[in-house]
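Every number here is computed from the coordinates shown, using simple stated rules; none is lab data. These figures come from a predicted structure and were not determined experimentally. Here the Cβ positions follow ideal geometry from the backbone for every residue, glycine too, while neighbour counts run over all protein chains shown.
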Amino acid sequence: MILSDRQILENMNQGFIKIEPYRRASLGTNSYDVHLGPILGVYVDSVLDARKHNRIETFSIPEDGVLLTPDNFYLGVTEEYTETLRHVPFLEGKSSVGRLGIDIHATAGKGDVGFCNYWTLEISVKKPVRIYAGMPIGQLIYFAVEGDVDTPYNTKASAKYTDKVARPVESMMFKNKF
C-alpha cells in the first residue's frame with residue numbers, strides 16, 4: 001500500500017516520517033517532491049574498482065546551473081534530509097526530469113525502514129542538459145510494511161550510509177567482503 005498525502009502528513013505528525021525542509025507545496029497526492037541539493041560529485045578516476053575506495057571530487061552548482069554530459073556520471077544529493085521509521089521509501093525521478101533525459105538513480109531507488117539521511121542521487125543523462133540547485137528532481141513514495149522489523153537500517157552494524165552529510169556519498173562497496 002502506498003501512503004496518500006493525508007497518511008504522509010499523519011505519519012509526519014506522529015514522528016514516523018521526517019522531511020526537512022518541509023514544503024507543503026511539495027506534497028503530492030501520494031508522494032513528496034524532493035529537490036536537487038547544491039553539491040555534485042564526480043569520481044576522480046575514470047576506471048572504478050569495486051574492491052577499492054573510489055574517491056569523488058565535489059563542487060557547488062553555480063547559480064547559472066551546470067551542464068551535465070552523457071560521457072560522465074554524477075553523484076548528487078537531495079536538498080531534503082529524511083527519516084522513515086515505519087515505511088519503505090522509494091525515490092523515483094519526476095516525469096519532467098525523465099523527459100529531459102535525466103536518470104536520478106542507477107539501481108538504488110529503494111530505501112529501508114530506518115533510513116535517516118539525505119539521498120545520494122546517481123545521475124546520468126542521455127544528452128547534454130543544464131541543471132540547477134533547488135530544482136525538483138524526484139519524488140518520495142512511501143510503502144507500508146507488513147509485520148515487525150527486527151533491525152531498522154539506522155541500527156544495523158553493517159549499514160554503510162548512516163553518516164549524516166548534505167553532500168553526495170561515493171560507493172562504499174569496498175566495505176563488503178567478497
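Calculate for the chain the 222 nm mean residue ellipticity that helices alone would give, adding -39,500 (n - 2.57) per DSSP H run of length 4 or more and normalising by residue count, nearest 500 deg cm²/dmol.
Details: 2 runs with 13 residues, N = 178.
Here the helix-only value at 222 nm equals -1500 deg cm²/dmol.
Can you list the aspartates and glutamates whose alpha carbon is less than 12 Å from that of Lys127, not counting same-chain residues fewer than 8 positions off?
Asp71, Asp103
Using θ = phi - 60° and the Karplus relation 6.51 cos²θ - 1.76 cosθ + 1.60, list the HN-Hα couplings for region 67-81 in order, rounded to whole Hz, with x at every Gly or Pro.
These are the phi-based 3J(HN,Hα) values: 8, 8, 10, x, 7, 10, 10, 10, 10, x, 8, 6, 5, 8, 8 Hz.
Residue by residue through region 15-32, what is 3J(HN,Hα) from phi via Karplus (6.51 cos²θ - 1.76 cosθ + 1.60, θ = phi - 60°)? Round to whole Hz and write x for glycine and proline.
x, 8, 10, 10, 9, 10, x, 9, 10, 4, 5, 8, 7, x, 4, 8, 7, 10
Under 15 Å from the 7 Å Cα→Cβ point of Ser4, by amide nitrogen: which residues of region 17-42?
Residues 28-31 fall inside that zone.
Amide H of Leu36: which non-local residues (sequence gap of 5 or more, or other chain) have their own amide H closer than 5 Å, using H built in the peptide plane?
Glu79, Gly134, Met135, Ile137
Tell me which residues come under 5 Å, amide H to amide H, from Val113 once H is placed; ignore anything under 5 positions away on its chain.
Tyr153
Non-local amide H neighbours of Val145 (under 5 Å, H modeled in plane, Pro and chain starts lacking H): which ones?
For Val145, whose amide H was placed from the backbone, the distant partners under 5 Å are Val88.
For the pair Ala108/Ala50, report the inter-label distance in nm, with labels modelled 7 Å from Cα in the Cβ direction.
If labels sit at Ala108 and Ala50, their model points lie 1.5 nm apart.
As a footprinting exposure proxy, order Phe16, Phe178, Phe115 by other Cβ within 10 Å, with the fewest listed first. Walk me through the numbers before you get to the answer.
Values: Phe16 16, Phe178 6, Phe115 21.
Lowest count first: Phe178, Phe16, Phe115.
How many percent of the alpha carbon pairs in the chain exceed a separation of 20 Å?
Working: 8466 of 15753 pairs.
Here the long-distance tail beyond 20 Å is 54 percent of all Cα pairs in the chain.
Please turn the phi angles of region 100-116 into ³J(HN,Hα) values with the Karplus equation 6.51 cos²θ - 1.76 cosθ + 1.60 (θ = phi - 60°), one per residue in order, whole Hz, x for glycine and proline.
Whole-Hz 3J(HN,Hα) from phi for region 100-116: 8, x, 9, 9, 9, 8, 7, 8, 9, x, 9, x, 10, 4, x, 6, 9.
Note the full-extension length gain between Glu146 and Val165 as 0.36 nm times their separation in residues minus their Cα-Cα distance, in nm to one decimal. Walk me through the intermediate numbers first.
Numbers: separation 19, 0.36 × 19 = 6.84 nm, distance 3.05 nm.
Between Glu146 and Val165, full extension yields an extra 3.8 nm.
Past the 21 Å Cα-Cα mark, which pairs from Lys110/Lys156; Lys110/Lys164; Lys52/Lys160; Lys18/Lys126; Lys94/Lys126?
Lys18/Lys126
I'd like the distance separating the alpha-carbon centroids of region 155-178 and region 79-132, in whole Å.
Each part reduced to its Cα centre gives a spacing of 17 Å.
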